[in-house]
Every structure is written in structure tokens, then in C-alpha cells.
Amino acid sequence: MDAAPRPATRVTRVGGLAVLVAVFGWATTNLILKVTHAAALTFAFYRLWFGGVIMLMVLGITRRRLTLPMVKASAPGGIIFGLNVALFFSALKATNVADVLVIQSLQPALVLLVAGRMFGERITRFDVWWTLVSVGGVVLVTVGSSGTPAWSLRGDVYAVGSLICWTLYFLVSKRARRTVPAIEYMTTVTVLAAVVVTPLAIGSGQSLGGLRWQDWAWLGVFLVAAQGGHVLVAWAHAQVDVSISSLLLLAQPIIAVAGASLLLNEHLRALEILGGLVVIASMAAIVSRAAKAGGGVEIGTAEAAPP
């Protein structure tokens, strides 16, 4: 019996552009965590609660409403997103930007390993081999940066935890967006994430007060770019296959690490550069092969999905 043909890999022009805009916004705003004096969980607390209020206002202005099935479908994403924000912000505060984002670059490999069953993508020996190579690249980055003033093992552990949460969030969001529109989804996700982060922020002992006006200004910039980026990616899940969007996310560490080197004086050692290139090249090889195996990229078509 012939095997059922796999669906063609698909990305619309507008969907791909939405992901790229989000990636650029995330890459540049990640540097804000390094310049603000606000503690990591304090920044996460205000970012999520203000983001939740904004999403509720957008929901009201557009005359949309949440239903119980929407909230139930979106709840896992909200819980995981809250944990991801807490871990990611803590990682950026604790160690250098290069380490955090190179570790995050392993996300496409984890997506493919899990998405094989969820979205019908077959995992091959090629994928496993290049995944192992990419892990070696992360080891090179960690070893190369371990002697620098900005490095911390605790920060790398936070980054690994964030990587796991971000991968899970990416996958559950892809599934939830089949039935929940983007605005309703991100409203539920952001509010629930704020609820998750609140006890973490209070229990951490980090003060929720004492922010300078500069910190509030940076928070505003971060909020617009970060929340806007998440809305764009949530919307684009209906326009872009998971393997393609994962590939586009690989641009983030390149942009952010270049910015950190220029603006934050986080100079990179040769071993860090080599390890970063190994990780990014490995992930690009895996995801590109997965895209080609799907039958090519159809530009300009999209299935019916919630707006």
C-alpha cells in the first residue's frame, strides 16, 4: 500500500513577513534587559500585566469576546509562556546575550523532534546527526564564554529551561491557533502568563517598586515590540508551516549578538563565534531539508483559519 503523501510545506508572503518583523523586534528588544536597572522578574511582571491590559483593550475595541472553549484551548500556552518569560528574562540578566540566544537556537531541532508526531514531519538520521552537531556547537559557545565577565552557569541553566518552555509554547500555540483567533489567543495567553509570573516575582524577593523613569521608558519600548511580535507570530501560525517559521527564527541570535557586541561591549571570542555558526548552520540544514522533503514551498496560498 502506498504511503499517504505528506502535505506540501507552505508559507505565504504576508505570513513569512510577519514572522520576520517579529524576529527583528525580539532580537533588538532583548538588549533592553541588559540596560534596564529593573530586576528580571520585576520587568517580567510589569511587561505581562501591561501587555494583558493592552490585549483586553484591543479585544474590547474590536468587539471580540472570549468564550470558555477559547480560554481552555489557550490556557496551556499561557502557563508555559509565563514560565518562559520568567526564565528567559532571568537568563538575559544573568549571562551574556550570545549564550542565551545560541542556546535558544536549538529550538528548531526540538520542534522537529516533537512535531514529527504532531504535524506529520518525518524525522531522519540526517536530522538526528545535525541535532547532535548543534549540541556540540552550544558546548563550544559555553566553553568559549565561560571565562568572560558576563558569563554565568546559572544564566545558562535558565536559558536551557527557557528553551524547553519556548519550544512547548511554540507547539501548543500552533495547535491552539487551529480553533482560536490570534487576538483572543494572545489575550488569554498574556493574562494567564501574568498570573503565573506574579507569585514568582513576589516570592523571589525582587522589589516591584523603585523603577527609574528610564526603566519605565524601556519597558514601554519592549512592550510594544515584544507583544506586537507575539501577536504577529500567533497570527502567522495559520500562514506558515512550523518548519519554515522555525528556520526564520534563526535570524534572531545573529541580529541580537551583533547588537550586543556593538552596543553592550559583549565581545565574542573565537570559540563562541565558531560554536554559534555551528549551531545556526546545523539548524538551517535540518529545517531546510524538512521544508524540501515536504514538497517545496507554496507561496501565496493559505488554508481557512481564524483571523
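Every number here is computed from the coordinates shown, using simple stated rules; none is lab data. Please read all numbers here as calculations on a predicted model, not as lab measurements. Cβ atoms come from the backbone with ideal geometry, glycine included; neighbour counts cover every protein chain shown.
When peptides 163-170, 188-195 are sorted by average Cβ neighbour count within 10 Å, with the highest value leading, the order is 188-195, 163-170. Residues in the range 168-180 carry Karplus couplings, in order, of 4, 4, 4, 6, 5, 5, 4, 6, 5, 5, 5, 10, 10 Hz; the curve used is 6.51 cos²θ - 1.76 cosθ + 1.60 with θ = phi - 60°, and Gly or Pro positions show x. Length gained on full extension, Ala270 to Val21: 86.7 nm, using 0.36 nm per residue less the C-alpha separation.
Share of pairwise Cα-Cα distances greater than 22 Å in the range 14-92 is 40 percent (whole percent).
The simple spin-label model puts a point 7 Å past each Cα toward its Cβ; for Trp213 and Trp129 those points are separated by 6.0 nm. For the range 169-230, the convex hull drawn through the C-alpha positions has a volume of 96 cubic angstrom per residue.
Sorting 20-26, 37-43 by their mean Cβ neighbour count within 10 Å, with the most densely packed peptide first, gives 37-43, 20-26. If you take every residue apart from Ile183 with its C-beta less than 13 Å away from the C-beta of Ile183, what net charge results, scoring Lys and Arg +1 and Asp and Glu -1? So the environment of Ile183 carries a net charge of +3. Shape verdict for the range 38-83, please, from the Cα gyration tensor: rounded (a/c under 1.5), prolate (a/b greater than b/c) or oblate. Oblate is the answer for the range 38-83, as a/c is 1.5 or above yet b/c matches or exceeds a/b. Other residues whose C-beta falls under 13 angstrom from the C-beta of Ala38 contribute a net charge of +3, scoring Lys and Arg +1 and Asp and Glu -1.
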